[in-house]
Amino acid sequence: MSSSDTRLGPLARIIDERSCGAPDALWALDAIREELEKNPDLIEELAPGMKLVPRKMSSAERSRLMTAAGAKAREQAARERYAVALPHVKRATEANPAITLREIAKVLDDAGVKPLRADKWSAPSVLNLLKAVGLREPTKT
């Protein structure tokens with residue numbers, strides 16, 4: 001038995017244990033990858049100093065991953081915007097508990113706080129801000 005045969009012994013064992021006949025190449029590779037993911041010490045035994053290379057993602061997996069990352073980034077950006085606007089809103093509502101949404105919008109505009117997609121704050125954008133930070137209950141539709 002050559003040195004390569006002894007190194008491949010564990011792989012042959014994995015394939016033998018899982019197959020009930022002659023496995024095709026893709027099935028064998030999947031079985032080996034699955035076993036190596038479960039047992040990382042086996043990688044060291046087979047190829048000292050080597051690591052399992054991540055498999056290539058499908059376009060659907062990549063899309064799901066990027067969508068989740070984008071949503072997380074948008075949430076973080078929103079939290080940062082709220083952190084800038086919220087002190088002004090709290091000060092205004094403490095000074096006048098009956099303040100209207102339009103008046104809060106004016107306070108934010110006067111303070112130089114910019115809304116996300118417009119030049120000036122509007123009552124609906126202030127309402128969305130208040131709902132997002134939990135100062136107003138979302139309306140039920």
Most packed first (mean Cβ within 10 Å per residue), the peptides 90-97, 69-76 order as 90-97, 69-76
May I ask for the net charge around Asn96, where only other residues with Cβ less than 15 Å from the Cβ of Asn96 are counted and Lys, Arg are +1 while Asp, Glu are -1? +1
Can you give me the distance in nm between label points at Gln76 and Asn39, each placed 7 Å from the Cα along the Cα-to-Cβ direction? 3.9 nm
Taking the Cβ-Cβ separation of Ser58 and Lys120 as r and a Förster radius of 35 Å, what is the calculated FRET efficiency to the nearest 0.05? 0.20
In nm, give the distance between the simple-model label positions of Asp30 and Leu46, each being 7 Å from the Cα along the Cα-to-Cβ direction. 1.7 nm
To the nearest 0.05, how large is the calculated FRET efficiency for Asp109 and Met66 if R₀ is 35 Å and r is the Cβ-Cβ distance? 0.50
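No value in this document is a laboratory result; all are computed from the given coordinates. Just so it is clear, the model here is predicted, and its values are computed rather than measured. Positions of Cβ are generated from backbone atoms using ideal geometry, with glycine treated the same way; all protein chains shown enter the neighbour counts.
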